[in-house]
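As structure tokens, the structure follows; a few thoughts come after it.
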Amino acid sequence: MKFTLASLAAALIGAVQVVAQNTTDPVLTAADVWVYGLAPLSILETRQAFLLNAGLGTNQIVHQAVLSTADNRFVVKPNADTVYSIAFYDLSLGPVKLHLPNVTDRYFVAALYDANSNNFANPRRGGNYTLYSQRDAPALRNRTSYDIVSPTDDIWQIGRIYVKNSTDADYAIVRRYQANFTVVAAPPKTVELPPVFRNASDTVNAYYRLNNAVTNFSNITKYTSIGLSLLRPFRPLANTSIYTLGQARANATILASALRFLRPVNNGWVLPQSDLIGNFGRDYAVRSLIAQQALGALTSDQAIYPLYTGQRLVADISTTWSFFFADGAPPTDSLGFWSLTAYDADSFFVKNDINRYKLGSSDNLTKNTNGSFTITASVAPPNTTDLRRNWLPIAPGVFQILLRAYLPRNSTSNGTWAYPVVTRN
């Protein structure tokens, strides 16, 4: 994320004050539906962009052949630890049957997200699964863990298979798993149509797209006064400034949710509240925050995403940032792993000559005799081989650091493990 807690509070106060001076009832209505609808809109636009760019329809899996690089800018804050298996399933015409591989030597998950971005299921065992809509669920008899009922007809799958190293031998193992990760049976695929943009301001265009994304929202009748409808495309009934102010107020509300969503652990690191990440319930502001910052995040039993907010991270050619792991690596279960990843100010990988975007479990780090170690982040590489082994390249300017732990132990989640001490040299 792109803020410290102190800067977040200051920005929030300013944003709320500006909007509050201009608030009217239509503004509140426009803000309310934007807070609700931002996550569904993000899912819809991700779906459209992916299917159109790939030339695919629904109910087809696309397997990523190699780890993501700085050239991949499809999602913000991608990982450089797993290859993805992406699909968009449509249950409106009936169930979808999947076969998952039996992966026993590394982390694997077929994460499933509903149209509102909730991570509602994370199957990890091999076997045959069936995805059902809410309409088909009542007909189920003797339901097992291989029968998964989705809250919505549309599902986004983000499968993840851990790459232990980037050798041909390890990629060959991963591809054998991918070959057994298939759609067995599904209704005819649907073809995604390009989004339609009206001749209006960018903000009003956004509400056109929002209207398409919230068709499953039973309370949409509350918003007919500003032009939303389940029965027709969005029809702006208010002055454009209403939507501009409504969106600004909504963004202030979304920003404010970070103050209660993030909890401090130690050494300037914060963690998302475990009961909210991935399963947002009716907390639409937090849901929107994650849609903006980390769309596709897993529930905390699968992964945690500690953020460093202790100070502003910025570098020039002479700056070196040190991350000292006094307690060694973050504790994870046997098939879990960890990584420390650098991103630019826009939440994408930092281009560098050695194509290194993270350091973690798969790397042969230089460590002290007691297991502690230091990772350095700088624009220029260190002078020695040992130091370069623990070097994370960054670009001049503002950057971000994200620590991931998959299948984390309790000590990693509750803060008894000492998070890295961060210093600027």
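Which stretch or stretches of the stretch 100-122 have amide N atoms under 19 Å from the point lying 7 Å from A169's Cα along the Cα→Cβ direction? From the stretch 100-122, the list is 104-107. Amide H contacts of T332: R409, each under 5 Å away and 5 or more positions distant or on a separate chain (H built 1.01 Å from N in the peptide plane; Pro and chain starts excluded). I want to check the label-to-label distance for R263 and K351. Put each point 7 Å from Cα in the C-beta direction and report it in nm to one decimal. Going by the 7 Å Cα→Cβ label model, 4.1 nm. In this calculation the C-beta distance from D275 to T385 is compared with R0 = 60 Å, giving a FRET efficiency of 0.85. Relative to the 2.2 N^0.38 Å rule of thumb, the stretch 143-294 has a C-alpha radius of gyration ratio of 1.41. The structure-derived value of semi-axes √(5λ) of the Cα gyration tensor in Å appears in the list [x] 33, 28, 25; [y] 56, 27, 23; [z] 36, 30, 19 under the label [z]. Using the average count of surrounding beta-carbon atoms within 10 Å as a protection proxy, the listed peptides 60-70, 43-53 rank, highest first, as 43-53, 60-70. Sequence-ordered 3J(HN,Hα) estimates for the stretch 284-296 from the Karplus curve with 6.51, -1.76 and 1.60 and θ = phi - 60° stand at 6, 5, 5, 4, 5, 4, 5, 4, 6, 9, 7, 4, x Hz, glycine and proline given as x. Per-residue 3J(HN,Hα) values for the stretch 86-96, derived from phi via the Karplus relation 6.51 cos²θ - 1.76 cosθ + 1.60 with θ = phi - 60°, read 9, 8, 10, 9, 10, 9, 5, 9, x, x, 10 Hz in sequence order (x marks Gly and Pro). Shown for the chain: lysine pairs separated by 8 or more places, or found on different chains, whose C-alpha atoms are under 21 Å apart, numbering 10. Between S322 and T221, the contour length at 0.36 nm per residue exceeds the Cα-Cα span by 31.0 nm. Counting only Cβ charges, +1 for Lys and Arg and -1 for Asp and Glu, the dipole size of the stretch 294-425 around its Cα centre is about 140 debye.
Counting only Cβ charges, +1 for Lys and Arg and -1 for Asp and Glu, the dipole size of the chain around its Cα centre is about 200 debye. Put the Cα centre of the stretch 307-331 next to the Cα centre of the stretch 205-239 and the gap is 45 Å. The packing ranking, built from the mean of other Cβ atoms within 10 Å per residue, places the peptides 371-383, 73-85 in the order 73-85, 371-383, highest first. Ordering S257, A30, Y107 by Cα displacement along the dipole of the chain toward the positive end leaves Y107 in first place; charges were set at the Cβ atoms of Lys, Arg (+1) and Asp, Glu (-1).
Here the 3J(HN,Hα) profile of the stretch 347-361, calculated from phi with Karplus coefficients 6.51, -1.76 and 1.60 at θ = phi - 60°, is 6, 10, 4, 8, 4, 7, 5, 9, 6, 10, 10, 8, 10, x, 4 Hz, Gly and Pro shown as x. The residues packed around N53, meaning those with a beta-carbon under 15 Å from its beta-carbon, carry a net charge of -1 if Lys and Arg are +1 and Asp and Glu are -1. Each Cα pair under 8 Å and six or more residues apart adds its sequence gap; the mean of these over the residue count of the chain is a relative contact order of 20 percent. Placing R0 at 30 angstrom, the Cβ-Cβ distance between D25 and E45 gives a FRET efficiency of 0.55 after rounding to 0.05.
Would you mind computing, in nm to one decimal, how far apart the modelled labels at L335 and S145 are, each placed 7 Å from Cα along Cα→Cβ? The modelled label-to-label distance comes out at 1.0 nm. If both residues of a DSSP beta bridge must be in the chain, then about 90% of such bridges are antiparallel.
Please report the carbon-and-sulfur percent of the accessible area for the stretch 277-350; probe 1.4 Å, protein heavy atoms only, DNA, RNA and ligands left out. Answer for the stretch 277-350 is 49 percent, counting heavy atoms of protein chains only. Based on DSSP H segments of at least four residues, each scored -39500 (n - 2.57), the chain has a per-residue ellipticity at 222 nm of -8500 deg cm²/dmol. Rolling a 1.4 angstrom probe over the protein heavy atoms with all chains in place gives the chain an accessible area of 43 Å² per residue.
The values are calculated or read from the model by the stated rules, or taken from the named source; none is laboratory data. Worth saying up front: this structure is predicted, and the values here are computed from it rather than measured. A quick note on method: Cβ atoms are made from the backbone with ideal geometry, for glycine too, and the neighbour counts reach across all protein chains shown. Quick note on the areas: whole protein, heavy atoms, side chains included, nothing else; ligands and nucleic acids left out. Shrake-Rupley method; radii C 1.70, N 1.55, O 1.52, S 1.80 Å.
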